[in-house]
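Values in this text are rule-based calculations from the coordinates and carry no lab data. Fair warning: this is a prediction, and the values are worked out from it, not measured in the lab. No Cβ is skipped: glycine too gets one built from the backbone with ideal geometry, and neighbour counts run over all protein chains shown.
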Amino acid sequence: MSLSTLPKLKVLISGAGIAGPCLAYWLARTRLNTSITVLERSPVPRPTGQAIEIRGPAIEVIKRMKLEEAVRSRTTTEEGTRFLSSSGKTIAEFGLGDAFTAEYEILRADLCGLFLEATESLKNVEYIYGDHVTSLQQTERSVVVSFAGGAKQDFDLVVGADGATSKIRSLILDEEARKDSYKLIGQYVAYFSIPRQPSDTKHWYWYNAPKGLGLMTRPHRNPSTIGAYALCTLPAHGQRDPAFEEAMDQGTDAQKRIWHKYLDNLGWEAKRILNGMDQADDFYMSRAAQVKLPKWTNGRAVLLGDAAFATFGIGTTLAIHSAYVLAGELSKIQSTSDIPKALGRYEEVFRSIHAKFQDLPPGFPQFAFPQTAWGLGLRDSALWLASKTKAYKLLPTESEENSKLTEYDWVSV
């Protein structure tokens with residue numbers, strides 16, 4: 001079949017994080033005559049982000065993208081996780097590949113950079129920064145898209161891949177479908193880099209105090225910095241802290257001040273971490289949340305990755321896997337009129353996969369970040385027992401069969 005007889009597919013992807021560029025890559029590997037625009041609200045690729053992990057079938061996707069070696073060369077070098085007592089001594093330790101530190105642990109910015117490099121040189125993929133969608137109008141044959149920059153274009157397909165706080169979600173799904181879909185889990189987190197010291201090891205250090213407060217450090221591949229995390233966990237899901245909410249409305253300086261108020265006297269390396277935070281130029285703060293929607297598709301538009309199903313701890317894996325499946329189901333179309341059915345197949349296939357991971361572990365994150373000294377002692381005892389007995393290795397894991405990828409008809413790029 002010649003290129004001129006192949007179905008033409010003009011696609012807009014909103015979001016140049018993980019899911020969007022990964023989808024662009026796999027769409028470019030279909031037999032379709034694709035024209036793909038990846039739109040990013042930020043004026044430049046985002047250079048920041050926390051350590052993320054790649055597990056299960058997403059590892060196989062990375063291998064098929066011929067990126068495994070590049071990912072391994074950019075891992076954070078983390079060797080394991082150490083939980084600390086109030087005095088800063090290790091009370092429980094878990095090694096690489098155990099319950100906490102994954103074999104493929106990489107900074108978000110590094111993984112985004114690899115996906116960008118894999119796609120930006122493709123002739124049928126274009127990246128546009130500093131713009132965003134303001135309206136969508138669907139017809140039987142296309143989606144008419146208006147942009148903040150003033151342009152208006154028709155697309156065969158629009159994909160929302162702009163994260164858990166997605167702006168395009170409200171343009172794709174109606175209010176009823178979106179009702180109560182953004183579910184706070186009662187935690188505020190700040191991410192930033194601080195200078196590395198000679199005494200720092202290649203471990204994830206996890207330090208807690210009562211009232212749900214915590215500090216963490218994690219290694220970077222970069223020998224001059226480490227990642228630092230500040231956390232405040234509320235007693236229950238859905239709760240908000242008025243002081244944090246006000247600070248998040250006021251900007252970075254106010255956010256750093258509120259973290260000082262909560263953590264200045266916390267102990268361990270609080271002084272060093274907060275001093276580093278004051279100088280950090282990559283500070284970022286967010287509310288921890290899940291996204292749960294009754295549907296991900298609407299006609300010729302679809303949500304992907306965190307915009308559709310933000311899932312704590314395994315979001316990156318699901319974003320990569322879902323991009324592969326969406327592109328695969330679209331690869332089967334015979335004409336653009338088949339797009340809504342292809343999106344329906346994607347949702348049917350991937351909901352069965354996502355259903356296994358959509359719920360948080362019982363009591364998380366509140367049990368992991370207790371409010372009282374008694375609760376913290378109980379958690380520490382459970383961690384100590386788990387680390388000594390390795391009992392967590394007896395828990396059921398995803399079977400090898402469920403980790404296999406669906407096979408689709410791909411072409412070389």
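Multiplying the residue separation of Glu93 and Gln239 by 0.36 nm and subtracting their alpha-carbon distance yields 49.5 nm. In sequence order, the range 138-147 has phi-based couplings of 8, 10, 5, 10, 6, 10, 8, 10, 9, 10 Hz under the Karplus curve 6.51 cos²θ - 1.76 cosθ + 1.60, θ = phi - 60°, and Gly or Pro positions carry x. Proximity of backbone amide H atoms, modeled 1.01 Å from N, is registered between Phe364 and no other residue at under 5 Å, excluding neighbours fewer than 5 places apart on the same chain.
Given in Å, the Rg to one decimal and the Dmax to the nearest whole number for the Cα atoms of the range 180-228 are 13.9, 47. Please give the FRET efficiency for Asp253 paired with Thr389, using the beta carbon to beta carbon distance and R0 = 56 Å, rounded to the nearest 0.05. Taking R0 as 56 Å, the efficiency between Asp253 and Thr389 is 0.75.
When the helices of the chain are scored as -39500 (n - 2.57) per DSSP H run of n ≥ 4 and the total is divided over every residue, the value at 222 nm lands at -9000 deg cm²/dmol. Calculation over all alpha carbon pairs of the range 210-281 in 5 angstrom steps from 0 returns a P(r) of 3, 13, 25, 24, 19, 11, 4, 1 percent.
Going from the residue with the fewest nearby Cβ atoms within 10 Å to the one with the most, Arg300, Arg74 rank Arg74, Arg300. Stokes-Einstein diffusion of the range 171-301 at 37 °C, 0.692 mPa s viscosity, Kirkwood radius from Cα pairs, rounded to a whole number: 199 µm²/s. Rg/Rh for the range 115-209: what does it come to with C-alpha atoms and Rh from Kirkwood? Using only Cα positions, Rg/Rh for the range 115-209 is 1.13. Backbone phi angles across the range 264-272, fed through the Karplus curve with coefficients 6.51, -1.76 and 1.60 (θ = phi - 60°), yield HN-Hα couplings of 3, 10, 6, x, 6, 10, 4, 4, 4 Hz in residue order; Gly and Pro are listed as x. Take the Cβ atoms of Lys179 and Ala382, set R0 to 35 Å, and the FRET efficiency comes out at 0.45. Let me know the shape class of the range 35-95, please: from the alpha-carbon gyration tensor, a ≥ b ≥ c as square roots of the eigenvalues, rounded when a/c is under 1.5, otherwise prolate if a/b is greater than b/c, or oblate. Taking the square roots of the gyration eigenvalues as a ≥ b ≥ c, the range 35-95 is oblate.
Across all directions, the average projected area of the convex hull around the alpha carbons of the range 224-323 is 9.3 nm².
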